[in-house]
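One structure below.
The values are calculated or read from the model by the stated rules, or taken from the named source; none is laboratory data. All values derive from a computational prediction rather than experimental measurement. Cβ coordinates were reconstructed from backbone atoms using ideal geometry, including for glycine residues, and neighbour counts include every protein chain displayed. These accessible areas exclude ligands, DNA and RNA; they are computed on the full protein's heavy atoms, side chains included. Shrake-Rupley method; radii C 1.70, N 1.55, O 1.52, S 1.80 Å.
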Amino acid sequence: MWRSCLRLRDGGRRLLNRPRGGLTASEGLGPKPPTPIRAYVPPAERKRFYQNVNISQGEGGFEINLDHRKLRTPQGKLFTVPSEALAIAVATEWDSQQDTIKMYTMHLTTLCNTSLDNPTQRDKDQLIWAAVKFLDTDTVWVEEPETLVELQRNEWDPVISWAERRYGVEIGSSSSITGPSIPARTREVLVSHLASYNMWALQGIEFVVTQLKSLVLTLGLTDLHLTVEQAVLLSRLEEEYQIQKWGNIEWAHDYELQELRARTAAGTLFVHLCSESTAVKHKLLQG
């Protein structure tokens, strides 16, 4: 099934320049000029201010310690995670930082901050529906353009068939740009399945769905039916086809691909670490 994808992967991809720019606000007396459109600026890098990273168990769960200071969220809450394995994974992110702290590379930390602070104030039902809404425009639904249909059927149809068998639902595919008409029962079954996850795991699921633009591929990942590399390639099938046909943009596609893999892998790991209650006997980061 993956032969075509693997051939596409070898088509050559290069790094994408991260957008740069500045957010400047002009303030003063008198009328203010119209606000210009501003480019996104990645968070400023901070100099590493700690030597050692370790974890400890508190009343609310497992905490991350940077030297003798406890890590806190952007809203000032104590950074506490529900499992020891997740705490070790987050501590590893912090310990792997070199001279500067690059928060945009610390996806597990970011997901934990989102779960703890819940900046958008969403409840469990809202998280579930945020993921389920992708059913209507799922990446693996629409088979087009015509030159890609055979490749898409060869690669996507087995995943759709797996999902139908795994969850006992009907999905199908479509040549219409609007995608297939999803039966109400299919939606209900998948909502019920997602409801079996806790709030933390749902944050991770929604994060992965957003990266892949696909609930079906995300379910394949969380059920261990797909690897991260497979899911990412399937989500980028048209892009990889175009790269093979027309060539790549210097520095663009390698970076984009690696970033997508990193975010997808982190989100999937987050889901699993938030869904398991097994304790880790040996703490990997002790002083």
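Across the stretch 53-117, Cα pairs under 8 Å and at least six residues apart give a relative contact order of 30 percent. Packing, taken as the mean count of other beta carbons within 10 Å per residue, orders the peptides 149-162, 92-105, 74-87 from highest to lowest as 74-87, 149-162, 92-105.
Taking θ as phi - 60° and the Karplus parameters 6.51, -1.76 and 1.60, the scalar couplings of the stretch 254-269 work out to 4, 5, 4, 5, 5, 5, 5, 4, 5, 5, 5, 5, 5, x, 5, 4 Hz in sequence order, x denoting glycine and proline. The share of alpha-carbon pairs in the stretch 53-117 lying farther apart than 14 Å comes to 52%.
Sorting 188-201, 215-228, 127-140 by their mean Cβ neighbour count within 10 Å, with the most densely packed peptide first, gives 215-228, 127-140, 188-201. Under 19 Å of direct C-alpha separation, and excluding same-chain neighbours fewer than eight residues apart, Lys124 reaches these aspartates and glutamates: Glu188, Glu206, Glu276.
Would you check the accessible area of Arg185, probe 1.4 Å, heavy atoms only, in square angstrom rounded to 10? Approximately 140 Å² of Arg185 is accessible to the 1.4 Å probe.
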